[in-house]
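Chemist: First the structure, then my questions, so here it is.
The values are calculated or read from the model by the stated rules, or taken from the named source; none is laboratory data. Nothing here was measured: the structure is a model prediction, and the numbers come from that model. Heads up, the Cβs are rebuilt from the backbone with ideal geometry, glycines too, and the neighbour counts pull from every protein chain shown.
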Amino acid sequence: MATKLVQIEDDVEIKQRLEAERVRLRKIAGLDRPTHFHRPVERAFTAEERSKVTILFGGFTWKHEDLIRAVFQGCGYRCEKLPVPDVPAFQIGKEYGNNGQCNPTYFTVGNLVQYLQFLEKEGISRQDILNNYVFFTAGSCGPCRFGMYEAEYRFALKNAGFDGFRVLLFKDSDGIKAASGEPGLKFTIDFGFGMLNALLMGDVFNDLIYQIRPFETNKGETDRVFRETVDSLCDDLKNRDSFEIEQRAPDWAKPKFKSNKILRNTFNVFGKMHEHMWGKDILNALGSAREKMNAIEVDRTKVKPVAKITGEFWAQTTEGDGNFHMFEFLEREGAQVLVEPIATWVAYLLYQAKAHAKAKWPVNRPHRDPKWWELKKNLVNEMGLRKKMLGIGAGQVMWNYFYHRTARSLGGITHHLVNQKELAALAHPFYNQFARGGEGHLEVGKNVYYTVHHLCHMVLALKPFGCMPSSQSDGVQSAVVNKFKDMIFLPIETSGEGEVNAHSRVQMALGEAKVKAKTEFEQCLKMTGKSLDEIKEYIAEHPELKRPFYQVPHREGIAGTAAQFILHVSDRMDKSTKLWRRARVPGVAVPNAA
Ligand code: SF4
């Protein structure tokens, strides 16, 4: 049967028919009413609730978390850290969360739900959990799934029956401040500087523990000493007296500070800052921590391949199922792990802020296209950019200063923050530094940096399943590996399952790295012209060489700790021999050989 064709007369009729069809389809899809998304209005966390509401948080290493909790408690909050996320938490995340999320979302979201379920099993009613607990986390506007974390927490909590549980965002001041009255979580100077100290100390302890433990002479000593050290620093952070000018000022000045708010606040800001950073209490606490750690006995002649960890922020930080317990596994297999401080991420954000501000200035400047004779407009444009650069630049300088100062105070052997400009330059031929999200160009930059500077024997990238930026990095890493032929680079996808498979792949790469480390060590030993026994004998006679904070100067081109160490010891032995020979010449004074 022939189909009867409908004759369309003109364009107007096409448009009318299209519009009619659009209306019909929108009606079917329920889109005929305005459906704007509104962020759910959440009950505020108010100042009156501080004494009964517990702030929950998590997602870092135990060193960071213990110190952060101590700062919260020292500022008068009830605070508890969540357990390290495990596979059951991941499964809960999958059960209650959206499909197609990245692996850290499932782990962290599931971990919160799992903890609330645990509280319920302990006998706390659901209503009491909603009233007496809040979760504190970082937020973002993306562009990767990090931007969806807040929504994911709320969605999974709702699905698990904890609808109305409060999620406070670090980024979003509305989530922190109460709608009216005094906010429950208040960002004071004490809180800000306390957190800064906690974060930096956590980074330094984390770096130190992975530098010292592989070489400890007495098994278990490093873990025990670090536990005691962190505990005692936590006590110090918790119980420290806050600086108040009205109490510290001499009696004659107290009334002035009492009556003048501006004067009081100004002195309090500088006084608190000084107390947190340069005060007697913090310096004494760091000094005693340094002494305790330096008492651990180490043997740096053990040959170990250095495995640099890179990858996504959370996957390279967590110490549990989230990355297949990778650090523990690597150490068990005889490697030395080179971890990444959280401070690198902050330094990256500052660097990116500066680079973006500069790149976008032609469109953001106050006067778009001033002519060359419009001097005032050109000056305003120029000064605007300089002001912006100066502000971010000052932040960068301070951040670097505070990090390295903490590192020096805690023994001085912590790895320095890598220059962000160099990382961006090394990555740029492969990964554009303006491609944002996750670690951005950092994964590629670090891989190249640690290889060309011979700072490790292998690079292990921990990439969560479903991670958009890490997948992009992975795509270009094959070009990177092709260019740097002697690079040992292994990307491992952390998915919550397949631990055995991941460990076996790491074992294979580690086998090659071990050969590399051993060959390097043997070449260095040959260069010294001494036997290992002779070197060990000298070390036995000089106990300072068995201390973790003994400074071994870095030699370019050598990655292994043992190789660096024997070269240095050999230099010391040669120096001692020369001095001994000179001492036999009458009339020549002998300086201190050590
Ligand atoms: S960086 Fe990757 S794993 Fe991390 S939040 Fe973004 S998408 Fe998820």
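Chemist: Of the conditions (1) at pLDDT below 95; (2) part of a helix (DSSP H, G or I); (3) more than 16 Å from the ligand (Cβ to nearest atom), Glu291 clears all except one; give me its number.
Modeler: Unmet for Glu291, out of (1) at pLDDT below 95; (2) part of a helix (DSSP H, G or I); (3) more than 16 Å from the ligand (Cβ to nearest atom): (1).
Chemist: Could you tell me how many of the residues in the range 452-467 are more than 18 Å from Phe329 (Cβ to Cβ) and surrounded by 24 or more Cβ atoms within 10 Å (Cβ to Cβ)? Show your work before the answer.
Modeler: If we filter the range 452-467 for residues that are more than 18 Å from Phe329 (Cβ to Cβ), which is where we start, we get 452-455, 465-467.
Filter once more, so that each one left must be surrounded by 24 or more Cβ atoms within 10 Å (Cβ to Cβ): 467.
Residues in the range 452-467 being more than 18 Å from Phe329 (Cβ to Cβ) and surrounded by 24 or more Cβ atoms within 10 Å (Cβ to Cβ): 1 in total.
Chemist: Additional query: If Glu443 satisfies every condition in (1) buried (at least 16 other Cβ atoms within 10 Å of the Cβ); (2) among the acidic types (Asp, Glu); (3) more than 16 Å from the ligand (Cβ to nearest atom) but one, which is the exception?
Modeler: The single condition Glu443 does not satisfy is (3).
Chemist: If you don't mind, there's one more thing I want to ask. I'd like the full set of residues that are assigned to a strand (DSSP E or B) and more than 16 Å from the chain's Cα centre (by Cα), limited to the range 434-461.
Modeler: First, the residues of the range 434-461 that are assigned to a strand (DSSP E or B): 458-461.
Those that are assigned to a strand (DSSP E or B) and more than 16 Å from the chain's Cα centre (by Cα): Met458, Val459, Leu460.
Chemist: Across the range 52-104, what is the total count of residues that are outside any loop (DSSP other than H, G, I, E, B), within 21 Å of Leu157 (Cα to Cα) and more than 16 Å from the ligand (Cβ to nearest atom)?
Modeler: Counting residues in the range 52-104 that are outside any loop (DSSP other than H, G, I, E, B), within 21 Å of Leu157 (Cα to Cα) and more than 16 Å from the ligand (Cβ to nearest atom) gives 13.
Chemist: Same structure again: Any idea which residue in the range 117-162 is farthest from Gln472 (Cα to Cα), counting only those that are surrounded by fewer than 17 Cβ atoms within 10 Å (Cβ to Cβ), more than 16 Å from the ligand (Cβ to nearest atom) and among the hydrophobic types (A, V, I, L, M, F, W, C)?
Modeler: In this case the residue turns out to be Ile124.
Chemist: What's the number of the only condition in (1) within 12 Å of the ligand (Cβ to nearest atom); (2) of a type outside the set (Lys, Arg); (3) within 22 Å of Gly496 (Cα to Cα) that Leu112 fails to meet?
Modeler: (1)
Chemist: In the list Val298, Val339, Val380, which residue meets the criterion of being touching a residue at least 60 places away in the same chain (Cβ under 8 Å), among the β-branched types (Val, Ile, Thr) and farther than 30 Å from Lys94 by Cα? Reasoning before the result, please.
Modeler: Details: Val339 fails: farther than 30 Å from Lys94 by Cα; Val380 fails: touching a residue at least 60 places away in the same chain (Cβ under 8 Å).
Val298 is the lone residue from the list that is touching a residue at least 60 places away in the same chain (Cβ under 8 Å), among the β-branched types (Val, Ile, Thr) and farther than 30 Å from Lys94 by Cα.
Chemist: Suppose we filter Leu349, Leu379, Leu338 for residues that are surrounded by fewer than 16 Cβ atoms within 10 Å (Cβ to Cβ) and under 23 Å from the mean Cα position of the chain (by Cα); which single one remains? Let's see the steps before the verdict.
Modeler: Working: Leu379 fails: under 23 Å from the mean Cα position of the chain (by Cα); Leu338 fails: surrounded by fewer than 16 Cβ atoms within 10 Å (Cβ to Cβ).
From the options Leu349, Leu379, Leu338, the qualifying one is Leu349.
Yes/no matrix, rows are residues, columns are (1) part of a loop (DSSP other than H, G, I, E, B); (2) over 16 Å from Glu216 (Cα atoms); (3) among the small types (Gly, Ala, Ser); (4) in contact with a helix residue (DSSP H, G or I) (Cβ under 8 Å, 6 or more places away or on another chain):
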position: Thr301; (1), (2), (3), (4): yes, no, no, yes
position: Ala307; (1), (2), (3), (4): no, yes, yes, yes
position: Ala315; (1), (2), (3), (4): yes, yes, yes, yes
position: Thr318; (1), (2), (3), (4): yes, yes, no, yes
position: Phe329; (1), (2), (3), (4): no, yes, no, yes
position: Ala343; (1), (2), (3), (4): no, yes, yes, yes
position: Val346; (1), (2), (3), (4): no, yes, no, yes
position: Leu350; (1), (2), (3), (4): no, yes, no, yes
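Chemist: In this structure, is Val397 among the hydrophobic types (A, V, I, L, M, F, W, C) and either loosely packed, with under 13 Cβ neighbours inside 10 Å or closer than 28 Å to Thr108 by Cβ (or both)?
Modeler: On the way: among the hydrophobic types (A, V, I, L, M, F, W, C): yes; either loosely packed, with under 13 Cβ neighbours inside 10 Å or closer than 28 Å to Thr108 by Cβ (or both): yes.
For Val397, the condition - among the hydrophobic types (A, V, I, L, M, F, W, C) and either loosely packed, with under 13 Cβ neighbours inside 10 Å or closer than 28 Å to Thr108 by Cβ (or both) - is met.
Chemist: Taking Tyr449 as the residue in question, decide whether it is out of contact with any strand residue (DSSP E or B) (no Cβ under 6 Å at 6 or more places or on another chain), more than 30 Å from Glu297 (Cα to Cα) and at pLDDT 95 or above.
Modeler: Answer is yes for this residue.
Chemist: In addition: How many residues are acidic (Asp, Glu) and either outside any helix (DSSP H, G or I) or on the phi > 0 side of the Ramachandran plot (or both) when one looks only at the range 193-221?
Modeler: First pass over the range 193-221, keeping only residues acidic (Asp, Glu): 203, 207, 216, 221.
Subset that is either outside any helix (DSSP H, G or I) or on the phi > 0 side of the Ramachandran plot (or both): 216.
Of the residues in that region, 1 qualify.
Chemist: So, Lys388, is that one more than 30 Å from Val298 (Cβ to Cβ), free of Cβ contacts under 8 Å to residues at least 60 places away in the same chain, in contact with a helix residue (DSSP H, G or I) (Cβ under 8 Å, 6 or more places away or on another chain) and part of a helix (DSSP H, G or I) or not? Step through it out loud before you land on a result.
Modeler: Details: more than 30 Å from Val298 (Cβ to Cβ): yes; free of Cβ contacts under 8 Å to residues at least 60 places away in the same chain: yes; in contact with a helix residue (DSSP H, G or I) (Cβ under 8 Å, 6 or more places away or on another chain): yes; part of a helix (DSSP H, G or I): yes.
Taking the combined requirement at face value, the residue satisfies it.
Chemist: Also, quick follow-up: Take the conditions under 28 Å from the mean Cα position of the chain (by Cα) and of a type in the set (A, V, I, L, M) and apply them to Leu330. Does it pass?
Modeler: On the way: under 28 Å from the mean Cα position of the chain (by Cα): yes; of a type in the set (A, V, I, L, M): yes.
Against the criterion (under 28 Å from the mean Cα position of the chain (by Cα) and of a type in the set (A, V, I, L, M)), Leu330 qualifies.
Chemist: Hey, among the residues in the range 192-251 that are within 17 Å of the chain's Cα centre (by Cα) and acidic (Asp, Glu), which one's farthest from Leu545 (Cα to Cα)?
Modeler: Here the answer is Asp203.
Chemist: Under 6 Å by Cβ, and 6 or more places apart or on different chains, what pairs join a residue from the range 102-125 that is touching a residue at least 12 places away in the same chain (Cβ under 8 Å) and on the phi < 0 side of the Ramachandran plot with one that is part of a helix (DSSP H, G or I) and more than 16 Å from the ligand (Cβ to nearest atom)?
Modeler: Short answer, once both residue conditions are applied: Gly110/Ile92; Val113/Ile92; Val113/Tyr96; Gln114/Ile92; Leu116/Ile129; Leu119/Ile129.
Chemist: For the range 462-495, what are the residues that are out of contact with any Asp or Glu (no Cβ under 8 Å at 6 or more places or on another chain), away from the ligand (no atom under 13 Å from the Cβ) and in a strand (DSSP E or B)?
Modeler: Of the range 462-495, the ones out of contact with any Asp or Glu (no Cβ under 8 Å at 6 or more places or on another chain) are 466, 468, 471-472, 474-476, 478-487, 489-490, 492-495.
With away from the ligand (no atom under 13 Å from the Cβ) added as a condition, the list becomes 475-476, 478-487, 489-490, 492.
Those that are out of contact with any Asp or Glu (no Cβ under 8 Å at 6 or more places or on another chain), away from the ligand (no atom under 13 Å from the Cβ) and in a strand (DSSP E or B): Phe489, Leu490, Ile492.
Chemist: Does Gly412 satisfy the criteria of being modelled with pLDDT under 95 and over 26 Å from Gln507 (Cα atoms)?
Modeler: Values: modelled with pLDDT under 95: yes; over 26 Å from Gln507 (Cα atoms): yes.
Judged against the criteria, Gly412 is a match.
Chemist: If you take the residues of the range 130-148 that are of a type outside the set (A, V, I, L, M, F, W, C), modelled with pLDDT of 85 or more and not in a strand (DSSP E or B), which of them is farthest from the chain's Cα centre (by Cα)? I'd like the intermediate steps shown before the answer.
Modeler: Of the range 130-148, the ones of a type outside the set (A, V, I, L, M, F, W, C) are 131-133, 137, 139-140, 142-143, 145, 147.
Subsequent filtering for residues that are modelled with pLDDT of 85 or more retains 131-133, 137.
So of that shortlist, the ones also not in a strand (DSSP E or B) come out as 131-132.
Details: Asn131: 31, Asn132: 29 Å.
Going through the qualifying residues, I end up with Asn131.
Chemist: For the range 311-321, give me each residue that is more than 10 Å from the ligand (Cβ to nearest atom) and more than 11 Å from the chain's Cα centre (by Cα). Lay out the reasoning, then the answer.
Modeler: Initial filter on the range 311-321 (more than 10 Å from the ligand (Cβ to nearest atom)): 316-321.
Matches in the range 311-321: Glu319, Gly320, Asp321.
Chemist: Answer with yes or no whether Leu423 is part of a helix (DSSP H, G or I) and either within 16 Å of the ligand (Cβ to nearest atom) or under 30 Å from Tyr550 (Cβ atoms) (or both). I'd like the intermediate steps shown before the answer.
Modeler: Working: part of a helix (DSSP H, G or I): yes; either within 16 Å of the ligand (Cβ to nearest atom) or under 30 Å from Tyr550 (Cβ atoms) (or both): yes.
Considered against the rule, which asks whether it is part of a helix (DSSP H, G or I) and either within 16 Å of the ligand (Cβ to nearest atom) or under 30 Å from Tyr550 (Cβ atoms) (or both), Leu423 comes out as yes.
Chemist: Of all residues in the range 518-559, which are in a loop (DSSP other than H, G, I, E, B), over 33 Å from the mean Cα position of the chain (by Cα) and within 15 Å of Arg572 (Cβ to Cβ)? It would help to see each step written out before you state the result.
Modeler: Start the filter on the range 518-559 by keeping residues that are in a loop (DSSP other than H, G, I, E, B), which leaves 529-531, 542, 547-559.
So of that shortlist, the ones also over 33 Å from the mean Cα position of the chain (by Cα) come out as 529-531, 542.
Those that are in a loop (DSSP other than H, G, I, E, B), over 33 Å from the mean Cα position of the chain (by Cα) and within 15 Å of Arg572 (Cβ to Cβ): Gly529, Lys530, His542.
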